Amino acid sequence: MPKKEMTYANAIKEAISEEMLRDDEVFMMGEDIGVYRGAFGVSGDLIDTFGEERIIDTPISEQAFVGCAIGAAVAGMRPIVEIMFSDFMTVCWDMIVNQAPKMRYMFGGKVNVPLVLRTASGGGTGAAAQHSQSLEAMLCHVPGLKVIVPSTPRDAKGLLKSAIRDNNPVIFLEQKLLYRTKGLVEEEEFTIPIGEADIKREGKDCTIITYGRMVQMCLTAAESLEQEGIDVEVIDLRTLLPMDTEAIIKSVIKTRHCLVVHEAVKTGGIAGEIIARIADSEAFYYLDAPLKRLASEDVPVPFCPILEKGILPDEAKIVATVKELLA
């Protein structure tokens, strides 16, 4: 299948555009997504193609417009909501936790909520404590939601198209520093199933389980470790809820060592859930060393770039932790 190179941001825009052309019920709403063309430029020129009725600029009122989107979804539309920074999801927590994911259950399956909530997540941009958090673990604690964190342009496009077609509320977390990264994407129509992990690099000595921006860091670290004779397998979860537990267990049984890496803070993070699933499985009996996790420090994200870099995982920390694990 022919492929073309594009940025992560353009892959997301192309997914939205294709789904809006395919289905008249799909529309987008959020702050500055129209004339301003999006805080991170993702929506671009969509307003020129689809107009103000389908690319809807909203006031700064997250709870109100997420609530509107839930109502539209219940009525048969397929809204895509953009929240400028994932930190701002907390001001519409009632809509995300109590309303959207509960309706299908509470109405006995008679109601669908085909809502996609896209938002920019994570640190590394000097945006400080209220604009740099990674809140995916809080979202994964809510039954009824699906949580996706793509790491490449191809995964972003294929998974977003699947999310838009899904009849359940989906949270789509886009790491800010990935927007300008490039990758090859199929030119023809394709989707990627929600809930399937991807082995980004095969190896035999140690499994690294990760997602989002950390995928590229782990791949770079794996290349460094290869120079020292250490063969690392890197699993990109892509979807955190539902999680591909089978892929995790299969890899850990093969390599007998496992490190989980994520950008969110360590305490209460996704790594704890992954490690618990391994401990509850047959993979536990194959381990040659204790399971390890590498995450951000349990502090608010600093504004100072030097301090921010110091609390986040990076290639050097990943390399050092793998060596410690295999020692």
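Among Leu291, Leu115, Leu240, which one shows the biggest mean-square fluctuation in a GNM of the chain, springs joining Cα atoms closer than 10 Å?
Highest fluctuation among the options: Leu291.
Arg180 to Gln227: FRET efficiency via 1/(1 + (r/R0)^6), r the Cβ-Cβ distance, R0 25 Å, to the nearest 0.05?
0.35
Given only helices, namely DSSP H runs of n ≥ 4 each adding -39500 (n - 2.57), what is the per-residue ellipticity at 222 nm of the chain, to the nearest 500 deg cm²/dmol?
-9500 deg cm²/dmol
Counting only DSSP beta bridges with both residues in the chain, what percent are antiparallel, rounded to the nearest 5?
25
At 0.36 nm per residue, minus the direct Cα-Cα distance, what do Trp93 and Thr191 gain on full extension? Give it in nm, one decimal, please.
This chain segment gains 32.3 nm when fully extended.
Order the peptides 91-98, 200-207 from the highest to the lowest mean number of other Cβ atoms within 10 Å of their residues.
Sorting 91-98, 200-207 by mean packing, highest first, produces 200-207, 91-98.
Can you tell me the FRET efficiency between Phe303 and Lys323 if r is taken as the Cβ-Cβ distance and R0 is 45 Å, rounded to the nearest 0.05?
The computed FRET efficiency comes out at 0.90.
Using label points projected 7 Å from each Cα along Cα→Cβ, tell me how many nm separate Leu287 and Thr220, to one decimal.
If labels sit at Leu287 and Thr220, their model points lie 2.9 nm apart.
Residue by residue through the stretch 171-178, which ³J(HN,Hα) values in whole Hz follow from phi under the Karplus form 6.51 cos²θ - 1.76 cosθ + 1.60 (θ = phi - 60°), with glycine and proline marked x?
Per residue, the Karplus-derived 3J(HN,Hα) values read 9, 10, 9, 10, 5, 4, 6, 8 Hz.
Can you give the relative contact order of the stretch 3-186 as a percent, counting alpha carbon pairs under 8 Å and 6+ residues apart?
Taking the mean separation of contacting Cα pairs over the length of the stretch 3-186, I get 29 percent.
Give the percent of DSSP beta bridges with both residues in the stretch 198-326 that are antiparallel, rounded to the nearest 5.
The antiparallel fraction comes to roughly 20 percent.
If contacts are Cα pairs under 8 angstrom and at least 6 residues apart, what is the relative contact order of the chain in percent?
Relative contact order for the chain comes out at 17 percent.
Place a label point 7 angstrom from the Cα of Asp23 along the Cα-to-Cβ direction, then list the residues of the stretch 82-126 whose backbone nitrogen is under 11 Å away.
Those under the cut-off are 113-116.
Starting from 0.36 nm per residue, how many nanometres of slack lie between Asp45 and Val111 once their C-alpha separation is accounted for?
Length gained, Asp45 through Val111: 20.4 nm.
Short version: ³J(HN,Hα) in whole Hz for each residue of the stretch 287-303, in order, from phi by Karplus 6.51 cos²θ - 1.76 cosθ + 1.60 (θ = phi - 60°), x for Gly and Pro, what are they?
My calculation for the stretch 287-303 gives 5, 9, 7, x, 5, 10, 9, 10, 9, 6, 5, 7, 9, x, 5, x, 6 Hz in order.
In what sequence, largest accessible area first, do Arg37, Arg54 appear using a 1.4 Å probe?
Solvent-accessible surface, decreasing: Arg37, Arg54.
Cross-link partners among aspartates and glutamates for Lys110, C-alpha distance below 14 Å, same-chain residues fewer than 8 apart left out?
Of all the aspartates and glutamates, none pass the test against Lys110 - Cα under 14 Å, at least 8 places apart if same chain.
In the structure shown, do any of Lys200/Lys292; Lys266/Lys323; Lys204/Lys317; Lys204/Lys266; Lys182/Lys317 have a Cα-Cα gap over 22 Å, and if so which?
Table pairs above 22 Å Cα-Cα are Lys204/Lys266; Lys182/Lys317.
The values are calculated or read from the model by the stated rules, or taken from the named source; none is laboratory data. Small disclaimer: the values here were computed from a predicted structure and weren't measured. Note that we place each Cβ from the backbone using ideal geometry, even for glycine, and neighbour counts take in every protein chain shown. For the accessible areas, the whole protein counts, side chains as well, though only heavy atoms, and no ligand, DNA or RNA atoms are used. Shrake-Rupley method; radii C 1.70, N 1.55, O 1.52, S 1.80 Å.
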